[in-house]
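The values are calculated or read from the model by the stated rules, or taken from the named source; none is laboratory data. This is a predicted model, so every value here is computed, not measured. Cβ placement follows ideal geometry from the backbone for every residue including glycine, while neighbour counts extend to all protein chains displayed.
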Amino acid sequence: MTSRRLPALLLTLLSLLLTACVTDDTTAGGTNPRIEAPSLSAQLRPGDTMTISLLGIPEPQTTSVQIDEQGFVRLQYIGAVTASGLTTAELSQSIRETYIAKQYFTTLDVSVNVTERYIYIGGEVQRPGRIPWSPDLTLAKAVQSAGGFSLYAKETKVTLTRDRKAYEFDVRLAQRQPEQDPLLFPGDSIQVPRSAF
């Protein structure tokens, strides 16, 4: 009876041992998460800076504005206008319709031109703040643009926030393996935590 139970017991122990040895790649530092790019990179995002020109009116105006964190631009007479998620053509149309609906003008043309787009980096880097966005900007390049990590940075637990979702990245891995280094998009925010040691 005992000899029959021994193989079953050994098999169970071996199964438990193998299960205990399996680790998740993300916790072992094997891979960084894959995150979706914004559906349309032509869409305006918080932090985008642009010039808005009102034309075809007695006194044409050009204003420089930035989309705030709530996704609005604020304009003279009409106040807040939703900009985030729209294209420049859609924003132009929305501004035009708002001025006409509020009876400030009966007719006008609106031109919207994006001048600068940014990503933001904070925490344990040499120069926290905003960094001009370019199509080839990656997480590791953004850290370099901010002067590199500070002495106390936790380089393996850097948080990238996009569209109100946070993802954790190992930037050391991204520096060693370029395919693990995600492209950044305007409005992305990076936070580098402080190491406990």
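Can you pull out the residues in the stretch 152-168 that are part of a strand (DSSP E or B), out of contact with any helix residue (DSSP H, G or I) (no Cβ under 7 Å at 6 or more places or on another chain) and of a type outside the set (Ser, Thr, Tyr)?
Keep residues of the stretch 152-168 that are part of a strand (DSSP E or B), which gives 153, 158-162, 165-168.
Next cut, out of contact with any helix residue (DSSP H, G or I) (no Cβ under 7 Å at 6 or more places or on another chain) only: 153, 159, 161-162, 165-168.
Within the stretch 152-168, Ala153, Arg162, Lys165, Ala166, Glu168 qualify.
Results for (1) over 30 Å from Gly56 (Cα atoms); (2) of a type outside the set (Lys, Arg); (3) touching a His at 6+ places or on another chain (Cβ under 7 Å), shown as yes or no for each residue.
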{"site": "Ala83", "(1), (2), (3)": "no, yes, no"}
{"site": "Ser92", "(1), (2), (3)": "no, yes, no"}
{"site": "Tyr99", "(1), (2), (3)": "no, yes, no"}
{"site": "Ile121", "(1), (2), (3)": "yes, yes, no"}
{"site": "Arg130", "(1), (2), (3)": "yes, no, no"}
{"site": "Asp136", "(1), (2), (3)": "yes, yes, no"}
{"site": "Ala140", "(1), (2), (3)": "yes, yes, no"}
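Please state which one of Val125, Val158 is closer than 16 Å to Ile35 by Cβ and at pLDDT 95 or above. Reasoning before the result, please.
Working: Val125 fails: closer than 16 Å to Ile35 by Cβ.
Result of the check over Val125, Val158: Val158.
Residue check: is Gly85 outside any helix (DSSP H, G or I), within 19 Å of the chain's Cα centre (by Cα) and at pLDDT below 95? Lay out the reasoning, then the answer.
On the way: outside any helix (DSSP H, G or I): yes; within 19 Å of the chain's Cα centre (by Cα): yes; at pLDDT below 95: yes.
Against the criterion (outside any helix (DSSP H, G or I), within 19 Å of the chain's Cα centre (by Cα) and at pLDDT below 95), Gly85 qualifies.
Conditions tested, residue by residue: (1) among the aliphatic types (A, V, I, L, M); (2) not assigned by TED's automatic domain parsing to the domain that holds Arg162.
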site: Thr87; (1), (2): no, yes
site: Ile95; (1), (2): yes, yes
site: Tyr99; (1), (2): no, yes
site: Ile131; (1), (2): yes, no
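Here are Glu69, Glu59, Glu90: which of them is surrounded by fewer than 18 Cβ atoms within 10 Å (Cβ to Cβ), part of a helix (DSSP H, G or I), of a type outside the set (A, V, I, L, M, F, W, C) and out of contact with any Ser or Thr (no Cβ under 7 Å at 6 or more places or on another chain)?
Among Glu69, Glu59, Glu90, only Glu90 is surrounded by fewer than 18 Cβ atoms within 10 Å (Cβ to Cβ), part of a helix (DSSP H, G or I), of a type outside the set (A, V, I, L, M, F, W, C) and out of contact with any Ser or Thr (no Cβ under 7 Å at 6 or more places or on another chain).
Any idea which of (1) over 18 Å from Glu69 (Cα atoms); (2) assigned to a loop (DSSP other than H, G, I, E, B) is the one Gly187 doesn't satisfy?
(1)
I'd like the residue in the stretch 163-197 that is over 15 Å from Glu124 (Cβ atoms) and of a type in the set (A, V, I, L, M, F, W, C) and, out of all such residues, is surrounded by the fewest Cβ atoms within 10 Å (Cβ to Cβ).
Ala166
Could you please let me know if Lys141 is of a type outside the set (Val, Ile, Thr) and under 29 Å from Gly71 (Cβ atoms)? I'd like the intermediate steps shown before the answer.
Values: of a type outside the set (Val, Ile, Thr): yes; under 29 Å from Gly71 (Cβ atoms): yes.
In short, yes.
If you go through the stretch 113-120 one residue at a time, do you hit one that is more than 17 Å from Val65 (Cα to Cα) and surrounded by 13 or more Cβ atoms within 10 Å (Cβ to Cβ)? Walk me through it before giving the result.
In the first step, residues of the stretch 113-120 are kept if they are more than 17 Å from Val65 (Cα to Cα); the result is 120.
Remaining after also requiring surrounded by 13 or more Cβ atoms within 10 Å (Cβ to Cβ): 120.
Taking every residue of the stretch 113-120 in turn, at least one turns out to be more than 17 Å from Val65 (Cα to Cα) and surrounded by 13 or more Cβ atoms within 10 Å (Cβ to Cβ).
Against the conditions (1) closer than 23 Å to Val65 by Cβ; (2) in the same structural domain as Pro186 (by TED's automatic domain parsing); (3) among the β-branched types (Val, Ile, Thr), where does Thr156 fall short? Just the number, please.
The one condition Thr156 does not meet is (1).
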